[in-house]
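All remarks here apply to the structure that follows.
The values are calculated or read from the model by the stated rules, or taken from the named source; none is laboratory data. No experiment lies behind these values; they were computed from the predicted model shown. All Cβ positions, glycine included, derive from the backbone under ideal geometry; neighbour counts span all protein chains shown.
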Number of protein chains: 2
Amino acid sequence: MSAVGIIVEYNPLHNGHVHHFNKAKEITGAEHAIAVLSGPFLQRGEPGIVSKFARAEMALAMGADLVLELPAAYAVQPAEWFAFGAVSLLHATGVVDSLCFGTESGTLDLLLPLARILAEESPELQERIAFHLRDGMNYPAAYSRAAAEAANMPGDESDVLQTLQQPNHTLGLHYLIALNRLGSPIRPLTIPRIHAAYHDEQPSHAAIASATAVRKMIVEQDLAAASPYIPESTLRILDREFREGRGPVTWNSFRGSLMHILLTGAPQDLAGLHEVTEGLEHRLRRLLFTLKEPTVGELLQALKTKRYTHTKLQRMLTHILLGHTKREMSPEALAQGPGYLRVLGFNGRGRQLLKRMKKTASLPVIIKPSSFEHPQLTLDLRASAAYANAFPHPTTQSMFRDYLEAPIRYPE
Amino acid sequence: MSAVGIIVEYNPLHNGHVHHFNKAKEITGAEHAIAVLSGPFLQRGEPGIVSKFARAEMALAMGADLVLELPAAYAVQPAEWFAFGAVSLLHATGVVDSLCFGTESGTLDLLLPLARILAEESPELQERIAFHLRDGMNYPAAYSRAAAEAANMPGDESDVLQTLQQPNHTLGLHYLIALNRLGSPIRPLTIPRIHAAYHDEQPSHAAIASATAVRKMIVEQDLAAASPYIPESTLRILDREFREGRGPVTWNSFRGSLMHILLTGAPQDLAGLHEVTEGLEHRLRRLLFTLKEPTVGELLQALKTKRYTHTKLQRMLTHILLGHTKREMSPEALAQGPGYLRVLGFNGRGRQLLKRMKKTASLPVIIKPSSFEHPQLTLDLRASAAYANAFPHPTTQSMFRDYLEAPIRYPE
């Protein structure tokens with residue numbers, strides 16, 4: 001009974017994901033597949049286009065056997081913490097043999113030795129990162145540069161730099177570092193990503209488009225425009241969600257609430273929130289006066305500088321929206337790892353996995369969130385309720401689905 | 001150069017208000033009229049149907065010469081503080097000779113002696129109020145009962161009780177108490193209210209309907225339905241505001257932001273807000289799960305008990321929405337009185353008043369809020385920005401109009 005783990009956002013699940021999923025099962029020969037899925041808010045600081053439940057259902061429809069939720073504390077974070085949280089969950093199940101992820105190159109030749117060096121987390125690496133940040137680099141650039149210098153590997157530093165400029169290489173590197181730190185027996189494997197770069201907004205292949213491109217088609221055109229690029233099950237689920245007023249959700253859905261918080265929150269309160277650093281609380285307030293339109297998009301554009309990536313700023317706005325404090329998201333708090341395995345859905349084979357996990361799991365398995373308490377879980381339930389509150393047609397049932405409904409039981 | 005003061009909300013200004021205004025000028029023979037107008041949120045804990053600027057314009061169009069804003073700290077409060085704030089402003093101008101207000105009876109025979117007794121604010125009165133609150137009465141009932149007992153006047157207590165059950169008598173009483181406490185030379189006068197009780201939802205006279213009834217017609221039918229009950233100027237201003245996406249504003253406009261705050265705020269944070277008393281922070285959270293629809297109306301209905309009036313609960317939700325803390329709204333803070341005279345608009349005669357007020361006013365006169373600092377003003381600007389953020393078509397210009405535009409200068 002072997003299981004492969006995947007770490008996904010499925011925003012929404014498209015043909016490229018199906019390709020990756022099938023390849024993962026093929027090259028590992030695994031009988032089971034466990035997906036770690038981000039909750040309502042995603043790594044780049046955006047809300048999912050539909051709820052975590054709908055995205056979990058897409059995964060189950062494709063053939064995933066068990067879907068676990070990546071807590072909000074890790075889901076909306078830079079690659080290091082995102083990877084640490086997600087890999088920790090797979091490791092904690094005690095049933096995952098391999099971790100399969102896509103990379104631009106399709107090889108771990110450079111990443112594996114680099115991860116071994118970086119997993120030690122020498123004070124030197126931190127100093128180098130701090131040095132480059134002071135020098136005016138944004139965080140990803142500073143990390144890549146410091147990693148390249150720390151690596152001191154045969155060949156040119158520029159190989160490392162170039163590799164880490166590709167987002168899936170960076171994520172992959174941090175998966176490997178996390179496996180190292182956890183001393184996990186999980187075997188890492190990679191699959192080359194096909195036909196669509198991460199950020200591509202235009203589809204470049206007949207049946208494959210990036211999730212960004214798919215969302216753009218849905219929001220700017222309609223669901224039909226996206227249908228060549230998504231499996232029938234995703235189409236059906238999206239159609240149902242939209243018809244029932246549960247999407248599409250975008251940053252625009254939170255415009256009113258986010259602006260309200262920025263307008264009514266005292267700067268000192270904003271300064272207590274995660275990622276609101278270096279006086280950004282004052283900059284935020286000042287910039288509000290200058291926006292052509294009071295939208296999240298205009299605000300992000302006004303905030304952007306060389307120093308802050310679009311992603312860092314979007315994540316900051318997510319933390320402001322959800323009231324995530326610096327204390328809740330401190331390195332000390334995050335280093336403790338996720339505190340539970342929250343089950344979003346499973347099929348018949350997933351039920352077998354859950355049965356086995358009763359013996360193997362090193363964290364509590366949460367089927368009913370209402371009967372468990374954990375500070376991270378409080379944040380997850382809060383994020384889900386606030387997310388559903390922004391639906392075109394918000395309902396009490398949607399806002400409190402975590403409390404009111406059992407995980408999705410998908411037919412085999 | 002005599003001036004009459006009036007204390008108004010104009011939500012919206014209707015024919016009954018015009019009647020009152022004309023009578024006030026007639027019986028006082030005053031050459032000038034100064035209106036103290038509540039900002040964006042009103043005494044009963046509701047947003048104005050249009051902005052404070054539009055409502056100030058209605059007042060100017062009717063013939064008011066100078067419109068001053070009642071700070072949010074006093075505008076969304078029980079009758080005592082509302083009256084104290086508004087009367088303090090009129091008193092501080094140094095140019096107001098008389099205060100004219102409507103009452104159900106049209107006489108001050110009972111209210112004047114009662115006010116003299118109650119103005120002393122004996123500890124005994126506070127004890128009596130506390131006693132009746134503990135007994136399960138809501139605040140207005142407890143106050144009336146304690147006042148009736150404290151009055152010990154010739155005639156039956158029940159006269160006092162019956163009188164104070166009428167909202168304009170209660171407001172009037174507190175205007176008189178405030179004048180007493182301030183030792184103000186302003187002469188109080190009353191006019192009987194005509195043809196429409198405060199809460200009436202159905203118009204009962206061909207040209208007079210309550211503001212509640214007028215708003216209901218506008219929101220549930222359209223502006224045309226309300227046109228028999230409002231002057232042409234109000235009609236024109238409302239029409240312009242609605243066409244430009246600045247109304248109609250209702251509690252429903254704040255549904256998303258209010259629910260977001262309730263869903264993401266920790267109970268201990270909610271407990272720090274004004275009017276969130278006796279564990280209401282927990283009750284609020286529990287009740288959210290039980291709402292048929294997640295609307296403000298459903299929430300208010302679920303919250304209501306014998307102990308809490310609808311108005312107290314609406315005010316509490318306003319304070320939660322605007323983040324008004326218990327400290328900011330403490331009796332000690334409010335007892336200091338308003339800290340400035342904020343000018344919303346004036347006509348030619350109003351300009352003369354302002355000129356005279358340079359010598360007579362005991363508080364700073366604020367024409368440009370951006371060049372003045374006061375904790376109460378911070379709350380006012382915040383309330384106005386949050387209010388405009390809930391417009392059907394929110395703009396930066398509307399959100400920061402206090403900073404970006406001068407007061408309204410109305411042609412004579």
Of the residues in region B:257-291 that are farther than 25 Å from A:E328 by Cα and at the interface with another protein chain (Cβ under 10 Å from one of its Cβ atoms), the one that is surrounded by the most Cβ atoms within 10 Å (Cβ to Cβ) is B:L291
Taking region B:292-308 and the residues there that are under 21 Å from A:Y387 (Cα atoms) and not in a helix (DSSP H, G or I), the one that is farthest from the other protein chains (Cβ to nearest Cβ) would be B:T295
task = Confirm whether A:G247 is surrounded by fewer than 16 Cβ atoms within 10 Å (Cβ to Cβ) and small (G, A, S).
result = no
Within region B:169-184, residues being part of a helix (DSSP H, G or I) and without any contact (Cβ under 8 Å) to a residue 60 or more places away in the chain number 0
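Restricting the search to region B:321-347, which residues are away from chain A (no Cβ under 14 Å), part of a loop (DSSP other than H, G, I, E, B) and farther than 19 Å from B:G63 by Cα?
B:K326, B:M329, B:S330, B:Q336, B:G337, B:P338, B:G339, B:Y340
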Among the residues of region B:119-158, the number that are at positive phi and either touching a Lys or Arg at 6+ places or on another chain (Cβ under 9 Å) or in a helix (DSSP H, G or I) (or both) is 2
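Would you say A:G350 is farther than 17 Å from B:L262 by Cα, in contact with a His (Cβ under 8 Å, 6 or more places away or on another chain) and part of a loop (DSSP other than H, G, I, E, B)?
In short, no.
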Restricting region A:326-348 to residues that are hydrophobic (A, V, I, L, M, F, W, C) and touching a strand residue (DSSP E or B) at 6+ places or on another chain (Cβ under 6 Å), the one surrounded by the fewest Cβ atoms within 10 Å (Cβ to Cβ) turns out to be A:L344
Of those in region B:361-402 that are loosely packed, with under 14 Cβ neighbours inside 10 Å and in contact with a helix residue (DSSP H, G or I) (Cβ under 7 Å, 6 or more places away or on another chain), the residue farthest from B:T250 (Cα to Cα) is B:S362
Within region B:351-374, the residues that are under 23 Å from B:L42 (Cβ atoms) and at pLDDT 95 or above are B:L363, B:I366, B:H374
Would region A:170-180 turn up any residue that is over 19 Å from the mean Cα position of the chain (by Cα), surrounded by 16 or more Cβ atoms within 10 Å (Cβ to Cβ) and on the phi < 0 side of the Ramachandran plot?
-> yes
*Would it be correct to say that A:E278 is more than 20 Å from the chain's Cα centre (by Cα) and among the acidic types (D, E)?*
yes
(request) Return a yes/no flag: does region B:379-401 have any residue that is assigned to a loop (DSSP other than H, G, I, E, B), under 20 Å from B:Y74 (Cβ atoms) and not acidic (D, E). (result) no
Output for Cβ contacts, cut-off 7 Å, separation at least six or different chains, first residue away from chain B (no Cβ under 11 Å) and at negative phi in region A:363-389, second hydroxyl-bearing (S, T, Y) and outside any helix (DSSP H, G or I), reads A:L363/A:Y340; A:P364/A:Y340; A:I366/A:Y340; A:F372/A:Y340; A:H374/A:Y340; A:L377/A:Y340
The condition from (1) within 23 Å of A:L179 (Cβ to Cβ); (2) at pLDDT 95 or above; (3) in a helix (DSSP H, G or I); (4) out of contact with any Ser or Thr (no Cβ under 8 Å at 6 or more places or on another chain) that A:F53 misses is numbered (1)
All conditions in (1) buried (at least 17 other Cβ atoms within 10 Å of the Cβ); (2) at negative phi; (3) among the small types (G, A, S) are true of A:G323 except (2)
